[in-house]
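Engineer: If you scroll down you'll find the structure; I have some questions about it.
The values are calculated or read from the model by the stated rules, or taken from the named source; none is laboratory data. Only a predicted model underlies this, so the values are computations on that prediction, with no experimental measurement involved. Positions of Cβ are generated from backbone atoms using ideal geometry, with glycine treated the same way; all protein chains shown enter the neighbour counts. All accessible areas refer to the heavy atoms of the entire protein, side chains included, with ligands and DNA or RNA removed. Shrake-Rupley method; radii C 1.70, N 1.55, O 1.52, S 1.80 Å.
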Amino acid sequence: MRGNQRTNFLSCFVDVILPLALPKPLTYSVPPDMRQAVQAGVRVAVQVGRRKIYAGVVQRVHSETPPYATKDVVSVLDSAPLVNGLQLALWSWVAQYYMCGVGEVMKAALPAALKMESETRVSLDSGWEDLDLELSRAESDMLQALQSKPSLSVEELSAAVRVKNVLPVMQQLLSKRAVCIEEQLVNVGKPRYETVVALHPSVGSEEDLNALFALTERAPQQEQLLLAYVSLALPISYSAPLRVAQKELLEKAKTTAAALKACVAKNIFSLYRQELRLAKAAEEDFSAVMPTLSAAQQRAYDDVQRSFAEKQVVLLHGVTSSGKTEIYMRLIEQAMAQGKQTLYLLPEIALTAQLITRLKKVFGNVGVYHSKFSDAQRVEEYRRLLEGGSQPSLTLGVRSSIFLPFANLGLVIVDEEHENTYKQQSPPPRYHARDAAIMMAAQHGAKTLLGSATPSVESYHNAATGKYGLVELAERYGRVALPEIRIVNVSYLKNKQGGRYFSPVLVNEVGAALERGEQVILFRNRRGFSPYVECKECGWIPQCEHCNVSLTYHKGSRQLVCHYCGFAIGMPHRCLACDGVSMETKGFGTEQVEEDLQLIFPDVSVERMDLDTTRTRSAYERIIEDFESRKIKILVGTQMVTKGLDFDNVSLVGVLNADSMLSYPDFRAGERSYQLMAQVSGRAGRRGKQGLVLIQTVQPQHHILSCVQRNDYQKMYLSQIDDRRELLYPPFVRLIRITLKHRSEQTLLRSAQALSRRLKAVFGNRVLGPATPLVNRVQNRYLMDFMLKIERGKSVEKAKTLLKAQFSEILQENEFRQLEIIPDVDPM
């Protein structure tokens, strides 16, 4: 039976995906009166355990009686599937490949407002009698609160009783049979509503409308409201008058709610409540002409088309400012002309602001989906695609948008495909959106285009060996020269105070660029004021109470903050070890760079772009708009500033410290250093100007810097691929990192030794570890890592099955029941 068919089996069961970390869906029986309503993809309410109610998604309807007694489905929550069959197939693949439960995928895939959870409600026991029981003050308050309402949630009881933890009080009253509890299914996210205004139903003609103007002739504010409504609602429909948002009408009329109330009393307007629609259709005339391709772009576009005839996946390797976006737009146009949907993936929310405007000018409305939007906005985009069915559309989104309900997908574009932000780190599923997007496209029969100026070594290897198509675009648009890149040796700057990380060359070039009216980007991949503070007298460094890591100093808030768990303390005036008063900052972050620039260039506007300054969507957009409009002259940022932003007045880019990237202990350090420096260099000298890039380092002879200076991706790729072939790292092996977590360090060590024996007995020298990570305690849990290498040609699925068996066995030992084992497939 196909998943979307309704069923009428004599015995009917459903496999239900629940938003829990379970190894597989649970099976429930379907009561006869619900069988016509049940189908794959709808949500159902089911009981888990004794009391808890969850909303799950039906994965399969069948008649196979399970070997255990099943509970009945409580209710069917949807009249039509919320999740289509292709989505369910993707969820299953992600769960299987990334070694997690399909319920964990469901939690990541659905917006919170489409998930429902059980709410515990408390009410008076029907058999309770007000006898002379000994009651505490809190118990008496709780019973009194329950006498005023039929039932209250735990949260409502906490507010009424004014006790921080009401659960013990509830437990006492339960034991005295004074109260009972039940679970009710509630929406996690509730729809938002707005008040809208329309002409009163009695207004049925132009004569009636003229009569209203005569009625308001001596009431200027009411007349203004009527005029404002007519201007917003033109052309007037009397049979179905346009509903205008009350807020919008009052703003346009520049009047008050009292005037509107008077109009309602005179039967001029009627008020209605309706669900708030957040993604309003744009009113601009989107008639911009598709940009003309240069000869080099046209060749690349034609090559992509030819490659798509033979390959499902094509890698477009185009240097920075080569105009890859224009090629994407041509492909989107073609997909829409064929009646297909397109998903355009970006690694960073910051990139969407610039790109949305650009795409809307050509394609009209563009769906946008990312975490900085409110949950209501994400639900609206989800429902737009769900209700639109197979209608052609363009959706722009970040990692999680691969889980949207596409029904007729024709093209997936993964821009900046090398970015590690496509990889979900925590919580599970720890999926890589680029790889999952390729799988999703294959399930839809769609094509995937990967684009980057600095492709990942793995993707380029797949293209070089024929697995993917490969298209090269080596020329900048308009034949603009690549920026001049200079390597600046700053070893002599050690121990200098005040601007100690600014070489004289950099300061002079920044000043010269500002005098020419040009803009500057400075890159430092560390936020905060300084990485740590230290007592000059005894060397004490403040540490996080919950993690084995030093606290980062944030001068703006005068706090020392842990970037792992968020723990924070005020900046100490004295050393807590020796009581000394000489606490000094060590190293530098973006906050300190911003402050020192304001001292060096006091009359110049400087802005910072990092996680601390871009916590909201509006903050991202404001910084980008202000820099684009040249209100900001110098932009200091972390890797956010390296990712595909296009500013036409930037002539100088400075990399303040290349060594922290080059020296990072990871087999990808060379590749990532090249990518970050090449990408940020590409921000300089766009649109007709050759730019200048200054890279400060104490290792001027480093081979990666030589590759960056010559823009020699091939040399970097070949050196990395040779090292990885010799040392057995991707793309020549698959990696699975296994992290153990436990509150007890000693228990963790014993569990790691026990698991090591088991893994090495099965996998031999393919297992590396156990090893202590650089930060070996996070949020009061100690960590240890293993790494499993699986050669190409060996069965990854068999290895995962063997791994799960070992995990299961060790977790059954009493000593290790509280152990947390976290597998991470293809770690970044």
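Engineer: Can you name every residue in the range 404-424 that is farther than 30 Å from residue 671 by Cβ and open to solvent by 10 Å² or more (accessible area, probe 1.4 Å)?
Structural biologist: 407, 408, 410
Engineer: For residues in the range 612-637 being of a type in the set (Val, Ile, Thr) and farther than 20 Å from residue 602 by Cα, which is surrounded by the most Cβ atoms within 10 Å (Cβ to Cβ)?
Structural biologist: Filtering first and then ranking leaves 614.
Engineer: When the residues of the range 448-484 are filtered to those that are modelled with pLDDT under 95 and part of a helix (DSSP H, G or I), which remaining residue is farthest from residue 294 (Cα to Cα)?
Structural biologist: 479
Engineer: In this structure, is residue 321 at pLDDT below 95, polar (S, T, N, Q) and more than 16 Å from residue 451 (Cβ to Cβ)?
Structural biologist: no
Engineer: Filter the range 639-662 for residues that are in a loop (DSSP other than H, G, I, E, B), open to solvent by 10 Å² or more (accessible area, probe 1.4 Å) and at pLDDT 90 or above and give the result.
Structural biologist: Scanning the range 639-662 gives a single hit, 657.
Engineer: Any idea which of (1) aliphatic (A, V, I, L, M); (2) open to solvent by 50 Å² or more (accessible area, probe 1.4 Å); (3) in a helix (DSSP H, G or I) is the one residue 754 doesn't satisfy?
Structural biologist: That leaves (2) as the condition not met.
Engineer: To continue, here is another question. Condition first: aromatic (Phe, Trp, Tyr) and under 28 Å from the mean Cα position of the chain (by Cα). Can you find one or more residues in the range 592-613 that meet it?
Structural biologist: No: zero hits.
Engineer: Separate question: Looking only at the range 783-822, count how many residues are open to solvent by 20 Å² or more (accessible area, probe 1.4 Å) and under 27 Å from the mean Cα position of the chain (by Cα).
Structural biologist: 5
Engineer: Condition test on residue 678, is it of a type in the set (A, V, I, L, M, F, W, C) and open to solvent by less than 50 Å² (accessible area, probe 1.4 Å)?
Structural biologist: The answer is yes for residue 678.
Engineer: Looking only at the range 39-59, count how many residues are crowded, with 19+ Cβ neighbours inside 10 Å, in a loop (DSSP other than H, G, I, E, B) and out of contact with any Lys or Arg (no Cβ under 7 Å at 6 or more places or on another chain).
Structural biologist: Looking only at that region, the number is 2.
Engineer: Quickly run through the range 687-708 and pick out the residues that are touching a residue at least 12 places away in the same chain (Cβ under 8 Å) and surrounded by fewer than 18 Cβ atoms within 10 Å (Cβ to Cβ).
Structural biologist: Those that are touching a residue at least 12 places away in the same chain (Cβ under 8 Å) and surrounded by fewer than 18 Cβ atoms within 10 Å (Cβ to Cβ): 687, 688, 689, 690, 698, 699, 700, 703.
Engineer: If residue 62 satisfies all but one of (1) under 25 Å from residue 808 (Cα atoms); (2) open to solvent by less than 50 Å² (accessible area, probe 1.4 Å), what's the number of the condition it fails?
Structural biologist: (1)
Engineer: So how many residues does the range 435-447 have that are assigned to a helix (DSSP H, G or I) and small (Gly, Ala, Ser)?
Structural biologist: Result for the range 435-447: 4.
Engineer: Which of (1) out of contact with any Asp or Glu (no Cβ under 9 Å at 6 or more places or on another chain); (2) crowded, with 23+ Cβ neighbours inside 10 Å does residue 370 not meet, given it meets every other one?
Structural biologist: (2)
Engineer: Could you please find all residues in the range 304-320 being part of a helix (DSSP H, G or I) and open to solvent by 60 Å² or more (accessible area, probe 1.4 Å)?
Structural biologist: Listed by number, the list holds a single entry, 306.
Engineer: For the range 94-123, name all the residues that are open to solvent by 50 Å² or more (accessible area, probe 1.4 Å) and at pLDDT 80 or above.
Structural biologist: Residues satisfying the conditions are 96, 107.
Engineer: So, of the residues in the range 230-257 that are β-branched (Val, Ile, Thr), at pLDDT 85 or above and within 17 Å of residue 200 (Cα to Cα), which turns out to be surrounded by the most Cβ atoms within 10 Å (Cβ to Cβ)?
Structural biologist: Only one residue fits best here, namely 244.
Engineer: Name the pairs: first residue in the range 580-595 and closer than 15 Å to residue 637 by Cβ and open to solvent by 10 Å² or more (accessible area, probe 1.4 Å), second residue among the basic types (Lys, Arg) and not in a loop (DSSP other than H, G, I, E, B), Cβ to Cβ under 9 Å, at least 6 apart or on different chains?
Structural biologist: Pairs that qualify, where the first residue is closer than 15 Å to residue 637 by Cβ and open to solvent by 10 Å² or more (accessible area, probe 1.4 Å) and the partner is among the basic types (Lys, Arg) and not in a loop (DSSP other than H, G, I, E, B), are 591/608; 594/608.
Engineer: Let me ask another. Please pick out the residue among 717, 713 that is within 18 Å of residue 668 (Cβ to Cβ) and in contact with a Ser or Thr (Cβ under 7 Å, 6 or more places away or on another chain).
Structural biologist: 713
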